[in-house]
Amino acid sequence: MASVEFQNISKTFGAFVAVPDISFQIADGEFICLLGPSGCGKTTSLRMIAGLETPSSGRVMIGGRDVTYLHPKDRGISMVFQDYALYPHMNIADNIAYPLKVRGEAETKRHARAKDVADVLKIGDLLKRLPSQISGGQQQRTSLARALVYPSEVYLFDEPLSNLDAKLRLEARGFLNHLQRDMGMTAVYVTHDQAEAMALATRIAVMDKGRIVQFAPPIEIYRRPATTFVANFVGNPPMNLVPVEASVGDGALHLRADGLQVAPIELTDAVAKAARSGKMTLGVRPEHLRIAGATDHNILSGELFANENMGPESLVTLERGDNGRVTARIFTDDEIKVGTSVHLAFDARHVTLFDDTGARIPAADER
Amino acid sequence: MQKTQNIFVRRAIFAAAATFLGTVFALPLVWFVFAPFNARAELGLAIPSPFTLSNFATVFQNTFAMQALLNSLIQAAGGVVLVGGAATLAAYALSRSPIPGKGAVTYILLLFSSVVSGSAAMVPIFLIISAAGLIDTHLAVILVFAGGLLPTAMFILRDFIDAIPRSYEESAMVAGASPLQAFFDVALPVIRPGIVVVVVWAFVNIWGSFLIPFILLRSDKLMPASVAIYSFYSEAGTPIVTLLAAYSLIYSLPVIALYLFVNWKFGFRFFGGIKS
Ligand SMILES: Nc1ncnc2c1ncn2[C@@H]1O[C@H](COP(=O)(O)OP(=O)(O)O)[C@@H](O)[C@H]1O
Ligand SMILES: [Mg+2]
């Protein structure tokens, strides 16, 4: 196991800048998720760690060693590919044992090792089959087995679960989680699924257009999203963002928007500074909204757009005129008719404010 | 009722047309199978009676014709090895490496290749080969065929390799394989069905060609079967149908055998990637 470091890495394809300038450090034993929308440069970054892509500038370090121009085979890494990349002409045993074969292990020895790993992953009885003769979930586990069959400094994953159906994905996710806690592997895991990142990562790097917007533990990303982009990407469903007009008066911050009622907010230096532009964004998570009662002061109103019953809870979406939609996760069995006007309440402590550039304004209790 | 009848009539017409077409194409083949075993020369279809192998006996005594079959084999095998090997390496490089303008290179080569193996270029080819001192050698024939077939073979193979995900070799290299190991262990076996297609295609092309060996070779002992077949014409230039038929059958057997072998061993199909 080893640390990984990016020092001012950039990558361009012709005139196209895929990654402008990234620096980060991953400590030994960390499980890092690169999270971001499609095309934001996650795969490109991962491939630069693997050595399948050479940075246009900057340095890649693994375990304190400069590997920027090293061939993939000399980096001491394992990688699981999105399309699994199982060799179609080799059976499952030979697929899993291939890394041992190129390391010069004898056939009996490497097949014994492959069998051990396959048993752990519950594909031990498929060893004689060809990749085309097993299911997608089994192919996924085969590719995982091939990455685990030899000890590596760093394990790399490129959306390894994205081709599985929902149930298999949950199962595989749980297994990876267990494996990480068990082995303490250093891993970099690329995904566009925020739930996967939240569940697996010790730290998440949220990426947007080739940049890391926030690099923090999952709970931090969830509680204190650095920007509206992060807020809008993390959470299921993501945070509601309401553009508001901000003004300062009577030593407090006042927010105004159609169908919004907010009690005056405590004025800190940071809030006062951000209020100068007159524009802010108010963020509330769907799980922090409830049907408003008589005593509530913070209220978002709108007409019911959709009410999806998910079993334990309902996803209630309101249409706020021309001001977009708001979604709430509510524990209710009530039938609400489409078009009815609905009032949702939230607590002041659950409000996240963003300034006019989209950056989060630190709350009063932070320092 | 009206409708089903309509469909029936249409099907009947289609079947009749298909049968007619099939017969037109099948008749020469049927003749080709029967004629060699017939002692009398017949241009019409006839079940041989009596059934005889005497035509073959005569053909086998013609040492020139027998040597020609061996020559054909040498030239075709040489050409196939050269085309198969070079096309695989070239197509792999063209597909995988970021050479600028590699698309244009392939298309221009493809364009010229149809000229090279065509009769238009016969004079320059002859001049080049004779300047190289290769006139009347197997090597001359092999080289000219390889040059003519290579671009098309490269083109077919490059398309084939383009369709194979790079992640095969990449996963091998990440797992510790050198580029060479990744090529031989992973890429080559996956490309093999494409190579087989190219090899069969090249073999059939060389095996059936008349013009190039006819021009580049002088001595009887080097002539391939496609040329030697003319030894079964009388002095006056009329074919000796019985012997010609027997020799033609022998001449076409290797091609048929190759198809059967490849189909049995590899199957004319593609592995394809794992469905994502
Ligand atoms: N080999 C390449 N040539 C040109 N552009 C590329 C290449 N690889 C990636 N890109 C571009 O770089 C950007 C980032 O790609 P990628 O890292 O694959 O995104 P992600 O994995 O986050 O979806 C995309 O816009 C993509 O089109
Ligand atoms: Mg990607």
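The values are calculated or read from the model by the stated rules, or taken from the named source; none is laboratory data. What you are looking at is a predicted structure, and each value in this text was computed from that prediction instead of being measured. Cβ coordinates were reconstructed from backbone atoms using ideal geometry, including for glycine residues, and neighbour counts include every protein chain displayed.
Any residue in the range A:146-157 that is at negative phi, touching a residue at least 40 places away in the same chain (Cβ under 8 Å), within 16 Å of ligand 2 (Cβ to nearest atom) and touching a Leu at 6+ places or on another chain (Cβ under 7 Å)?
yes
Among the conditions (1) crowded, with 22+ Cβ neighbours inside 10 Å; (2) more than 15 Å from ligand 1 (Cβ to nearest atom), residue A:109 misses just one, which is (1). Taken over the range A:163-188, the criterion of being surrounded by fewer than 16 Cβ atoms within 10 Å (Cβ to Cβ) and either within 16 Å of ligand 1 (Cβ to nearest atom) or not in a helix (DSSP H, G or I) (or both) is satisfied by A:165, A:184.
One residue is enough: does the range A:120-143 have a residue meeting the conditions touching a Gly at 6+ places or on another chain (Cβ under 7 Å) and surrounded by fewer than 21 Cβ atoms within 10 Å (Cβ to Cβ)? First the steps, then the outcome.
Step one: list which residues in the range A:120-143 are touching a Gly at 6+ places or on another chain (Cβ under 7 Å), which gives none.
There is no residue in the range A:120-143 that is touching a Gly at 6+ places or on another chain (Cβ under 7 Å) and surrounded by fewer than 21 Cβ atoms within 10 Å (Cβ to Cβ).
Taking the conditions (1) crowded, with 20+ Cβ neighbours inside 10 Å; (2) free of Cβ contacts under 8 Å to residues at least 24 places away in the same chain in turn, residue A:353 satisfies each one other than (2).
Tell me, which strands (runs of 3 or more DSSP E) lie completely within the range A:189-293 with 1 or more residues that are within 16 Å of ligand 1 (Cβ to nearest atom) and in contact with a strand residue (DSSP E or B) (Cβ under 8 Å, 6 or more places away or on another chain)? Show your work before the answer.
Numbers: elements: A:203-208, A:211-216, A:240-249, A:252-256, A:279-284.
Those strands (runs of 3 or more DSSP E) span A:203-208, A:211-216.
Test residue B:70 against the criterion of being within 29 Å of residue B:224 (Cα to Cα) and either assigned to a helix (DSSP H, G or I) or in the same structural domain as residue B:231 (by TED's automatic domain parsing) (or both), and give yes or no.
Numbers: within 29 Å of residue B:224 (Cα to Cα): yes; either assigned to a helix (DSSP H, G or I) or in the same structural domain as residue B:231 (by TED's automatic domain parsing) (or both): yes.
For residue B:70, the condition - within 29 Å of residue B:224 (Cα to Cα) and either assigned to a helix (DSSP H, G or I) or in the same structural domain as residue B:231 (by TED's automatic domain parsing) (or both) - is met.
Scan the range B:131-148 and tell me whether some residue there is touching a Pro at 6+ places or on another chain (Cβ under 7 Å), without any contact (Cβ under 8 Å) to a residue 12 or more places away in the chain and part of a loop (DSSP other than H, G, I, E, B).
In the first step, residues of the range B:131-148 are kept if they are touching a Pro at 6+ places or on another chain (Cβ under 7 Å); the result is B:141.
Still in the running and without any contact (Cβ under 8 Å) to a residue 12 or more places away in the chain: none.
Scanning the range B:131-148, I find no residue that is touching a Pro at 6+ places or on another chain (Cβ under 7 Å), without any contact (Cβ under 8 Å) to a residue 12 or more places away in the chain and part of a loop (DSSP other than H, G, I, E, B), so the answer is no.
Annotation note: of A:28, A:74, the sole residue that is more than 10 Å from chain B (Cβ to nearest Cβ) and either surrounded by fewer than 23 Cβ atoms within 10 Å (Cβ to Cβ) or away from ligand 1 (no atom under 16 Å from the Cβ) (or both) is A:28.
Identify, please: which residue in the range B:146-185 is charged (D, E, K, R) and buried (at least 20 other Cβ atoms within 10 Å of the Cβ) and is, among those, nearest to the other protein chains (Cβ to nearest Cβ)? Even if it seems obvious, please write down each step before you answer.
Filtering the range B:146-185 for residues charged (D, E, K, R) gives B:158-159, B:162, B:166, B:169-170, B:185.
Imposing the further condition that a residue be buried (at least 20 other Cβ atoms within 10 Å of the Cβ) reduces the set to B:158, B:169-170, B:185.
Working: B:158: 20, B:169: 9, B:170: 5, B:185: 7 Å.
That would be B:170.
In the range A:100-126, the residue that is nearest to the other protein chains (Cβ to nearest Cβ) out of those that are under 28 Å from residue A:168 (Cβ atoms) and not in a helix (DSSP H, G or I) is A:123.
In the range A:48-58, which residues are part of a helix (DSSP H, G or I) and either in contact with a Pro (Cβ under 8 Å, 6 or more places away or on another chain) or within 9 Å of ligand 2 (Cβ to nearest atom) (or both)? Steps first, answer last, please.
Taking the range A:48-58 and keeping what is part of a helix (DSSP H, G or I), we get A:48-50.
Residues satisfying the conditions are A:48, A:50.
Before we move on, is residue A:10 within 16 Å of ligand 1 (Cβ to nearest atom), away from every other protein chain (no Cβ under 14 Å), assigned to a helix (DSSP H, G or I) and modelled with pLDDT of 95 or more? Considered against the rule, which asks whether it is within 16 Å of ligand 1 (Cβ to nearest atom), away from every other protein chain (no Cβ under 14 Å), assigned to a helix (DSSP H, G or I) and modelled with pLDDT of 95 or more, residue A:10 comes out as no.
One residue is enough: does the range A:35-43 have a residue meeting the conditions touching a helix residue (DSSP H, G or I) at 6+ places or on another chain (Cβ under 9 Å) and either away from ligand 1 (no atom under 11 Å from the Cβ) or under 15 Å from residue A:12 (Cα atoms) (or both)? Within the range A:35-43, none of the residues are touching a helix residue (DSSP H, G or I) at 6+ places or on another chain (Cβ under 9 Å) and either away from ligand 1 (no atom under 11 Å from the Cβ) or under 15 Å from residue A:12 (Cα atoms) (or both). Contact map, the range B:92-114: residues that are assigned by TED's automatic domain parsing to the domain that holds residue B:163 paired with residues that are among the charged types (D, E, K, R) and in a helix (DSSP H, G or I), Cβ distance under 6 Å, separation 6+ or inter-chain. Pairs shown: B:94/B:102; B:94/B:158; B:95/B:158; B:95/B:162.
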